[in-house]
Amino acid sequence: MQNTFDVIIIGSGIVGVSTAWHLRGIGFAGTIAIVERDPSFSHSSTSQAIGGIWQQFSLKENVQMSLYGAKFLKEFAKEQKIDLDFQEHGYLFLAKEEGQDTLEKNVAQQRKLKADIALLTPTLLQQHFPWLNTDGLAAGALGLSNEGWFDAHQLHSSMRSAVRDWDVPLIKGSVSEIEHTDSEIRSVMLDNGRRLKCGHLVNATGPNAGILTRMARIRLPIEPRKRSIFMVHGDSAPSEMPVLVDPNGVFLRPDGPFHICGVAPDKTSDSRSTTSDIEPDPDLFHGIIKPALAARLPDVKEFKIIRSWAGHYDYNSFDQIAVLGPHTRLENFYFANGFSGIGLQQGPAAGRAVAELILHGAYQTLDLSRLGFERIVENQPLEEENLI
């Protein structure tokens, strides 16, 4: 049994397998292993995701990473000869008067970065989406390409198969201990007693990222935050539509004969969770989502829950933006964490970024230096104005 690897990746969600895939894709010939505590992925963030992708962010790096993600989806599907069912219907972000300036400023930034976004007046919104109640709206922004939703499960399983074919074993187990010096990681101990030595260690553990780093005496402000998703049915609901994002954060999109919707909890009640808490919160639907949808889609008689589930964001409580790159002291310990709900769409870019750092020692495709751990050490948070 091999117990020494050039790169060990902890976590085999989309970020972990993307790191392995890109390492091989850019020519890394060393040994790679992925450690995963739950190979069934029954409650992983990737398996619970609804597969959305959009570029309508305020932070440059978020726009660029999601543009890379859309490009990757199309190229990977073509290369692997698979159908990811990419429904390129866009995201439609709505704004009231108090949010209009921010929306317009963000769209200008997104267009400079080559994102294909249209800015719509209330009149245009009504013309293009006659089912939409535009009362109280001042503007909308619609992604015309590279936005929508796709089959996240198909992407994940196809990438796992691809890295297995590239001689990247999946090792079942949980990390119970990290052996390190003052300057580097030496090995990880698994809960079954197996010790794995490594040249590089990548933290791709999603909501549990902060738990792993504590084993190396590092504080990483990443924690699980529960998000509830509801599949609903509503008579006369539009079967073809973009992902609708109301000014209060409620979102809705089609899913076959039904629709999927959700909203983030109020900040006062949005607190650290545990990944074992998978019970959806029906109060979010009845108290926030249902009234918002009734007001915005008045022709729909009533949305009724068909089923519901809950997943977890790998929530960065520092600034809700990804942490990428090596630790400031343990230079062979790499972070790919804290995506705060957009890890699926940014997983391809994050995997590419970490792979480039390991192989080349520097970013080659996108300069994501600002997302490094240094900003946490120096208490310099970034700002993103458009997270769902």
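The values are calculated or read from the model by the stated rules, or taken from the named source; none is laboratory data. Note that the structure is predicted; figures quoted are calculated from it, not measured. Virtual Cβ from ideal backbone geometry, glycine too; neighbours counted across all protein chains shown. Note: accessible area is taken over every heavy atom of the protein model, side chains too, but ligands, DNA and RNA are not part of it. Shrake-Rupley method; radii C 1.70, N 1.55, O 1.52, S 1.80 Å.
Observations on the structure shown:
For (1) among the basic types (Lys, Arg); (2) out of contact with any Phe, Trp or Tyr (no Cβ under 6 Å at 6 or more places or on another chain); (3) farther than 26 Å from residue 322 by Cα, each residue gets a yes or a no:
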| position | (1), (2), (3) |
| --- | --- |
| 150 | no, no, no |
| 154 | no, yes, no |
| 158 | no, yes, no |
| 190 | no, yes, yes |
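- When we screen 5, 41 for residues that are at pLDDT below 95, hydrophobic (A, V, I, L, M, F, W, C) and touching a Ser or Thr at 6+ places or on another chain (Cβ under 8 Å), the only hit is 41.
- Within the set 142, 92, the sole residue that is open to solvent by less than 10 Å² (accessible area, probe 1.4 Å), closer than 19 Å to residue 252 by Cα and in contact with a strand residue (DSSP E or B) (Cβ under 7 Å, 6 or more places away or on another chain) turns out to be 92.
- If you filter the stretch 36-70 down to residues that are assigned to a loop (DSSP other than H, G, I, E, B) and hydrophobic (A, V, I, L, M, F, W, C), you find that the one that is nearest to residue 190 (Cα to Cα) is 41.
- Residue within the stretch 369-376 that is of a type in the set (Gly, Ala, Ser), without any contact (Cβ under 8 Å) to a residue 24 or more places away in the chain, in a loop (DSSP other than H, G, I, E, B) and surrounded by fewer than 23 Cβ atoms within 10 Å (Cβ to Cβ) present: no
- Options 350, 310: the member that is open to solvent by less than 10 Å² (accessible area, probe 1.4 Å), over 15 Å from residue 185 (Cβ atoms) and assigned to a strand (DSSP E or B): 310
- The set of residues in the stretch 210-257 that are open to solvent by 30 Å² or more (accessible area, probe 1.4 Å) and not charged (D, E, K, R) comprises 211, 215, 233, 236, 239, 247, 248, 256, 257.
- Residue among 327, 259 that alone is at pLDDT 95 or above and over 21 Å from residue 344 (Cβ atoms): 327
- Within the stretch 279-302, being under 15 Å from residue 225 (Cα atoms) and open to solvent by 60 Å² or more (accessible area, probe 1.4 Å) holds for one residue alone: 279.
- Every pair of residues 6+ apart whose Cβ atoms lie under 7 Å, when the first sits in the stretch 1-13 and is open to solvent by 50 Å² or more (accessible area, probe 1.4 Å) while the second is assigned to a strand (DSSP E or B) and not hydroxyl-bearing (Ser, Thr, Tyr): 3/195; 3/196; 3/197; 4/197; 6/32; 6/199; 6/200
- Hits in the stretch 26-55 (condition: in contact with a helix residue (DSSP H, G or I) (Cβ under 6 Å, 6 or more places away or on another chain) and of a type in the set (S, T, N, Q)): 45, 46, 55
- If you go through the stretch 318-337 and keep only what is open to solvent by less than 10 Å² (accessible area, probe 1.4 Å) and in contact with a helix residue (DSSP H, G or I) (Cβ under 7 Å, 6 or more places away or on another chain), you end up with 321, 322, 323, 324, 325, 336, 337.
- Criterion (open to solvent by less than 70 Å² (accessible area, probe 1.4 Å), part of a helix (DSSP H, G or I) and free of Cβ contacts under 8 Å to residues at least 24 places away in the same chain) met by exactly one of 73, 103, 124: 124
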